[in-house]
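A short worksheet on the structure shown next.
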Amino acid sequence: MATKSQNPETIVLHAGYRSDPTTTSVAVPIYQTTSYQFNSPDHAANLFALKEFGNIYTRIMNPTQAVLEERVAALEGGVAALALSSGQAASLFAVQNICHAGDNFVCSTDIYGGTWNLFANTMKTMGIECRFVDPADPENFRRATDAKTRCYYGETLPNPKLTVFPIAEVAKIGRSLGVPLIMDNTASPVLCQPIKHGAAIAMHSTTKYIGGHGTSIGGIIVDGGNFDWEKHADRFPMLNTPDPSYHGAVWTQAVKPIGPVAYIIKARVTLLRDVGAAMSPFNAFMFIQGLETLALRMRQHCQNGAAVAAWLAKHPKVAKVIYPGLMAGEAKRRADAYLKGGYGGLVGFELKGGKTAGRNFISKLGMFYHVANIGDARSLAIHPATTTHSQLTPAEQAKTGVTDGYVRLSVGIEHADDIIADLDQALAAV
Ligand code: PLP
């Protein structure tokens with residue numbers, strides 16, 4: 001029997017799978033298949049008509065993916081999930097599933113740069129308007145909402161600012177207006193369950209902490225099953241009126257017998273069917289391996305992150321440390337309200353020597369990897385002003401929290417003494 005535990009440490013090992021029904025394999029098999037033999041013509045017809053649920057074709061579902069989906073859904077406190085080929089695909093699908101040309105959505109300014117580009121530029125070409133607002137004041141979301149607003153979007157622990165998003169506050173505003181909140185929880189799995197704070201949907205780039213070993217690109221969307229799409233039928237015609245792409249199915253009605261999963265089933269059987277951004281069975285297997293140690297790794301990331309932040313705060317060449325645990329006022333209150341068990345593995349700091357010092361510091365690191373990634377078991381570093389944020393003007397950089405001397409660390413799970421020793425020798429050289 002798969003677990004009923006609510007504890008992340010147990011969920012990541014046991015939810016959604018006990019052993020393979022045919023081979024009794026304890027490890028989740030990699031079902032490297034494109035298709036599945038139907039039992040009979042009736043069985044095939046029922047599957048296509050959604051009268052019965054089962055495997056049809058790996059572009060739409062796969063048993064290895066299914067275990068990952070069930071496990072991440074349990075971890076996030078949701079009802080079902082959809083694994084996809086990347087975090088970017090997950091962000092796009094999460095919004096596009098309920099937004100079409102002429103609609104808009106309201107998004108936090110504090111989000112990953114790739115998401116920003118996708119929302120501000122690519123989605124604009126689809127006729128979907130993204131309205132960016134500063135999450136420092138949750139009321140900004142209300143002010144940007146109109147009758148065509150289909151969702152709100154935020155990131156739990158956005159970098160480089162590392163200011164935690166006001167999840168319950170924005171979710172509450174949204175619920176009063178019939179607008180669901182979608183949360184990107186990539187940087188804070190285990191530490192935060194946005195759905196428990198009122199978000200309707202959570203998503204991850206599984207590429208980061210869930211994978212944890214820097215081997216595979218993937219994404220996942222989790223349906224909280226806690227948003228009443230029917231009650232707000234005027235706002236969600238895509239879920240409440242006949243879908244011509246699926247012989248007139250009305251999603252809120254069609255899936256009623258199996259639970260509050262209209263949103264995620266529609267994403268699977270229309271968007272994933274049509275766009276084909278499927279996660280490969282092999283990558284799903286890799287993410288299942290990563291997930292098994294996720295809770296343990298997050299604990300170590302948090303401990304090491306705290307040790308590094310405290311050490312940097314005392315260093316004479318460091319002007320400022322950006323770390324949720326060292327923030328004051330409302331930012332600290334939000335960090336404490338939404339992150340449990342630690343403040344994550346991301347630490348930012350500003351070097352007094354500006355851009356030159358930032359570049360030099362990176363070149364002197366020995367153990368840290370210099371990469372555009374976060375969430376690896378290994379420690380990673382980057383100087384955003386000369387890399388990820390170099391295309392922005394200084395004013396735009398400042399808005400995103402990047403200054404000339406800013407260095408972003410994704411603190412790994414090595415021994416804290418070795419992490420600090422590497423930072424120490426690199427700082428001595430700038
Ligand atoms: N969301 C966040 C917070 C990220 O950091 C990233 C990637 O860096 C993404 C989404 C996009 O994920 P992927 O690179 O898997 O497409």
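Within the stretch 407-429, residues that are among the basic types (Lys, Arg) reach partners that are assigned to a loop (DSSP other than H, G, I, E, B) with beta carbons closer than 7 Å, at six or more positions or on different chains, in the pairs 408/159; 408/160. When each of 409, 427 is tested for being modelled with pLDDT of 95 or more, in a helix (DSSP H, G or I) and of a type in the set (A, V, I, L, M, F, W, C), the lone residue that passes is 427. Pairs meeting the criteria (first residue in the stretch 232-259 and touching a residue at least 12 places away in the same chain (Cβ under 8 Å), second residue among the charged types (D, E, K, R), beta carbons under 7 Å, at least 6 apart or on different chains) are 235/150; 239/266; 240/230; 249/243; 251/243; 251/266; 252/230. Suppose we keep only residues that are among the aromatic types (Phe, Trp, Tyr) and in contact with a Lys or Arg (Cβ under 9 Å, 6 or more places away or on another chain) within the stretch 212-271. Which one would you say is farthest from residue 414 (Cα to Cα)? Looking at residues that are among the aromatic types (Phe, Trp, Tyr) and in contact with a Lys or Arg (Cβ under 9 Å, 6 or more places away or on another chain), I get 246. The C-beta contact set for the stretch 55-74 (first residue without any contact (Cβ under 8 Å) to a residue 24 or more places away in the chain, second residue polar (S, T, N, Q), distance under 9 angstrom, 6+ apart or interchain) comprises 55/33; 55/35; 55/62; 56/35; 57/34; 57/35. Scanning the stretch 85-114 for residues that are within 14 Å of residue 267 (Cα to Cα), touching a Lys or Arg at 6+ places or on another chain (Cβ under 8 Å) and more than 16 Å from the ligand (Cβ to nearest atom) yields 97, 98, 99. Mind listing whichever residues of the stretch 212-270 are within 16 Å of the ligand (Cβ to nearest atom) and of a type in the set (Gly, Ala, Ser)? Within the stretch 212-270, 212, 214, 216, 218, 219 meet the criteria.
Quick check on residue 64: is it out of contact with any strand residue (DSSP E or B) (no Cβ under 8 Å at 6 or more places or on another chain) and buried (at least 20 other Cβ atoms within 10 Å of the Cβ)? Against the criterion (out of contact with any strand residue (DSSP E or B) (no Cβ under 8 Å at 6 or more places or on another chain) and buried (at least 20 other Cβ atoms within 10 Å of the Cβ)), residue 64 qualifies.
If I ask for residues that are aliphatic (A, V, I, L, M), more than 16 Å from the ligand (Cβ to nearest atom) and within 20 Å of the chain's Cα centre (by Cα), which ones from the stretch 332-381 would you list? If the condition is that a residue be aliphatic (A, V, I, L, M), more than 16 Å from the ligand (Cβ to nearest atom) and within 20 Å of the chain's Cα centre (by Cα), then 335, 337, 377 are the ones that fit.
Listed by position, the helices (runs of 4 or more DSSP H) enclosed by the stretch 240-336 that each have at least 3 residues that are among the hydrophobic types (A, V, I, L, M, F, W, C) and modelled with pLDDT of 95 or more are 262-266, 281-292, 294-313. Remark: pairs (first residue in the stretch 166-184, in the same structural domain as residue 226 (by TED's automatic domain parsing); second residue among the polar types (S, T, N, Q) and buried (at least 23 other Cβ atoms within 10 Å of the Cβ); Cβ separation under 6 Å; 6+ apart in sequence or on different chains) = 183/156. Scanning the stretch 182-203 for residues that are more than 16 Å from the ligand (Cβ to nearest atom) and not in a loop (DSSP other than H, G, I, E, B) yields 195, 196, 197.
The values are calculated or read from the model by the stated rules, or taken from the named source; none is laboratory data. Because the structure is a prediction, the values reported are computed rather than measured. When we count neighbours, we look across all protein chains shown, and the Cβ atoms used for this are built from the backbone with ideal geometry, even at glycine.
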